[in-house]
Amino acid sequence: MSGTNVPKGEARREPILRATLAIIGERGPDAVTHRAVAERAGLPLSATTYWFASKEDLLQETLLLAAREEVERIERVVLALATRELDVLEWARAVSAVLAEDLESDPVRHVAFTELVLEGTRRPWLGAEVARWHRAQLALAEVGLRAAGAPDPKGDAPLVVAAIMGFMLGQLVNPAEDFEERVFRPALERLFARLTEGVPA
């Protein structure tokens, strides 16, 4: 009997985390309560308190889920682009297109993830997941720069990551029309070109 109940219970856990992520994206971490999450997930309050004893547990598990999904998303981009022979401008265009589309499709998730990353600065137990997410970003930038023949891909990767994060955060705070075409792509093209200056075409 209990064996048949476990999968059903496990299936409730992810919707609870998704609901927590949505609330954080819309109203911030302070708005997270067991009752608010249960209502958003369409589940009884007992479901949230069964799986998560405290708000701390909810925030921790939600960040772990969001960080892992961000890492997986970035790794998919890396693998997809690494199999193609692209020049520096093509790398910039491909990266900007993928990330801009992802940002446009679900801005609330990006706001929530940013909130959770900042929350991680106040909660040491979140540090490992945030660091793993950041390493994945650096890997994407390094692969792109190396593929384009940059002289110092490892050293320049943090510059690319900082630029990407800054532009995406700016778009969340002050959305621009045609962000990818008018803002993001041209900026990444210029940045990638500068970092590979003098490299033979």
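The values are calculated or read from the model by the stated rules, or taken from the named source; none is laboratory data. Bear in mind the structure is a predicted one, so any value in this text is a computation, not a measurement. As a convention, Cβ positions derive from the backbone with ideal geometry for all residues, glycine included, and neighbour counts pool all protein chains shown. The protein model used for the area step is the full one, side chains on, heavy atoms only, and it has no ligands, DNA or RNA in it. Shrake-Rupley method; radii C 1.70, N 1.55, O 1.52, S 1.80 Å.
Summary of values
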| item | result |
| --- | --- |
| Heavy-atom accessible surface of the chain: percent carbon and sulfur, 1.4 Å | 54 percent |
| Where only C-alpha atoms are counted, convex hull volume of segment 17-135 per residue in Å³ | 110 Å³ |
| Protection proxy ranking, peptides 77-84, 65-72, average beta carbon neighbours within 10 Å, highest first | 65-72, 77-84 |
| Value at 222 nm in deg cm²/dmol, rounded to 500, when DSSP H runs of n ≥ 4 in the chain each add -39,500 (n - 2.57) | -25500 deg cm²/dmol |
| Probe 1.4 Å, accessible area per residue of the chain, Å² | 55 Å² |
| Solvent-accessible surface (1.4 angstrom probe) belonging to T49, in square angstrom, nearest 10 | 70 Å² |
| Rule-of-thumb Rg ratio for the chain [Cα; 2.2 N^0.38 Å; N residues] | 1.18 |
| Tilt relative to the chain, helix 153-173 - C-alpha long axis, 0 to 90 degrees, to 10 | 60 degrees |
| K55, K154, reordered so the largest accessible area comes first (probe 1.4 Å) | K154, K55 |
| D30/E181 FRET efficiency (R0 30 Å; Cβ-Cβ; nearest 0.05) | 0.25 |
| Three-way shape label, segment 87-196, alpha-carbon gyration tensor, a/c 1.5 | oblate |
